[in-house]
Amino acid sequence: MYGLGIIKGMAITMKHFVATYLDDLRWLTNGGRYYNDEALLVRQSLKGQGAITVFYPEEKLPVPERFRFVPFLVTDEPAAGQQWGQDWCTSCGICAKVCPPQCIWIERGKQPNGRPKPEPEKFFIDIDICMNCGLCAEFCPFDAIKMDHDYELASYDRTTAHIHDKERLSKPISYWREIAPKKAEAEASARDFVKLAKERRKNKKGGEASGQEERMEEAKARQLVYRGKLY
């Protein structure tokens, strides 16, 4: 009433204004308050005082593992002198079928005799249409698609820069372990467990394990895979 709310609001603004300059003085001997990774972490934490503005692109907030942007294709580790290794993708087409905006286009490879080859010859994703939902990565039965963390994709030419081809989409598994180490480790453990469970069932003699035990083992393996994907 009678401008009391305005006075209170201005008091809060002045408090943050003064706290910002006091924080500048605290960081004066430690590299400064801005363009300093250590100071940025403090500013973005509960201990931060004053203005918490991030001066992008010189300063960037850390990207969490769960962050998802444009998908990429996983390959084996490349040999010396190569950019990527063997494709994990078998061009089954499930990702293209479950994609809500239908932004994925795949052309399956062919063997010399004309029969289909279990790897993509061409793979395109239109990043302007992609909604970054992650359904392609979730439904991929071979873990061949992961969600990237690179969000700086702006350009002036849509036709050449915003339609990613197989060459641009393919990245080795080491890249995934680098940007999402915990999730990659959980997925690897789940795959190892499934592989071990299959080998145990294969090596068991007839009548040793009941059908119910096998189904329980299989369900546990699927649960671990599911948890690994959604870590």
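The values are calculated or read from the model by the stated rules, or taken from the named source; none is laboratory data. These figures come from a predicted structure and were not determined experimentally. Backbone-built Cβ (ideal geometry, glycine too); neighbour counts: all protein chains shown.
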Wholly within the range 127-171, helices (runs of 4 or more DSSP H) carrying at least 2 residues that are farther than 22 Å from V63 by Cα, free of Cβ contacts under 8 Å to residues at least 40 places away in the same chain and among the aliphatic types (A, V, I, L, M): none
Residue count, the range 95-126 (criterion: in a strand (DSSP E or B) and aliphatic (A, V, I, L, M)): 3
Lone unmet requirement of (1) loosely packed, with under 13 Cβ neighbours inside 10 Å; (2) more than 19 Å from P101 (Cα to Cα); (3) not hydrophobic (A, V, I, L, M, F, W, C) for P118: (1)
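State which residue is farthest from A144 (Cα to Cα) when the search covers only the range 63-85 and only residues that are aliphatic (A, V, I, L, M), in a loop (DSSP other than H, G, I, E, B) and touching a residue at least 40 places away in the same chain (Cβ under 8 Å).
V63
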Top-ranked residue of the range 129-179 - restricted to ones that are in contact with an Asp or Glu (Cβ under 7 Å, 6 or more places away or on another chain) and farther than 22 Å from Q102 by Cβ, ranked as surrounded by the fewest Cβ atoms within 10 Å (Cβ to Cβ): S174
Residues located in the range 20-61, provided they are out of contact with any Phe, Trp or Tyr (no Cβ under 7 Å at 6 or more places or on another chain), without any contact (Cβ under 8 Å) to a residue 60 or more places away in the chain and exposed (fewer than 10 other Cβ atoms within 10 Å of the Cβ): L25, T29, S45, L46, K47, Y56
Filter pass, I179 being farther than 16 Å from P64 by Cα and at pLDDT 90 or above: no
Residues satisfying the stated conditions in the range 192-211, i.e. at pLDDT 70 or above and not charged (D, E, K, R): F193, V194, L196, A197, N203
Matching residues, the range 186-195, being under 16 Å from I145 (Cα atoms) and either touching a residue at least 60 places away in the same chain (Cβ under 8 Å) or not aliphatic (A, V, I, L, M) (or both): E187, R191
